[in-house]
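Structure first, then comments.
The values are calculated or read from the model by the stated rules, or taken from the named source; none is laboratory data. Please read all numbers here as calculations on a predicted model, not as lab measurements. Note: ideal-geometry Cβ built from the backbone for every residue, glycine included; neighbour counts use all protein chains shown.
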Amino acid sequence: MDNTAILYTIDEFCEAVRISRRSYFRLRAEGEGPRLTILGGKHLVSKDETRRKLGRFDDFDRVERALWGDFRADYARAHK
């Protein structure tokens, strides 16, 4: 990933915030994804938007809940 980039591709954004593409698209579907800039038909995320999005998750537990929801609790209950 180019650390001097002003705009990230979706893949670069996912790498920067350490989430999978699947998690990215789930967050987008839930209205929690980053705002996009469309330039030349490419969907891009600004570095400032990446910082803003990361700032919303001020601790790891909140990131986990945003990405996993109740999946882990449901899994634990189902596999007792």
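Residues in the range 50-71: is at least one of a type in the set (A, V, I, L, M, F, W, C) and modelled with pLDDT of 90 or more?
Within the range 50-71, not a single residue is of a type in the set (A, V, I, L, M, F, W, C) and modelled with pLDDT of 90 or more.
Take PHE25 and tell me if it is outside any loop (DSSP other than H, G, I, E, B), at pLDDT below 90, surrounded by 13 or more Cβ atoms within 10 Å (Cβ to Cβ) and not charged (D, E, K, R).
When the stated conditions are applied, PHE25 does not pass them.
Pull out all pairs, ordered by first then second residue, where Cβ-Cβ is under 6 Å, the residues are six or more apart or on different chains, the first lies in the range 35-46 and is more than 7 Å from LEU7 (Cβ to Cβ), and the second is of a type in the set (Val, Ile, Thr) and exposed (fewer than 11 other Cβ atoms within 10 Å of the Cβ).
none
Here are some residues: LYS53, LYS42. Which one is at negative phi and either surrounded by 14 or more Cβ atoms within 10 Å (Cβ to Cβ) or among the small types (Gly, Ala, Ser) (or both)?
None of the other options fit; the residue is LYS53.
Give the residues of the range 1-16 that are among the hydrophobic types (A, V, I, L, M, F, W, C), modelled with pLDDT of 85 or more and surrounded by 11 or more Cβ atoms within 10 Å (Cβ to Cβ), sorted by residue number.
LEU7, ILE10, PHE13, CYS14, listed by residue number.
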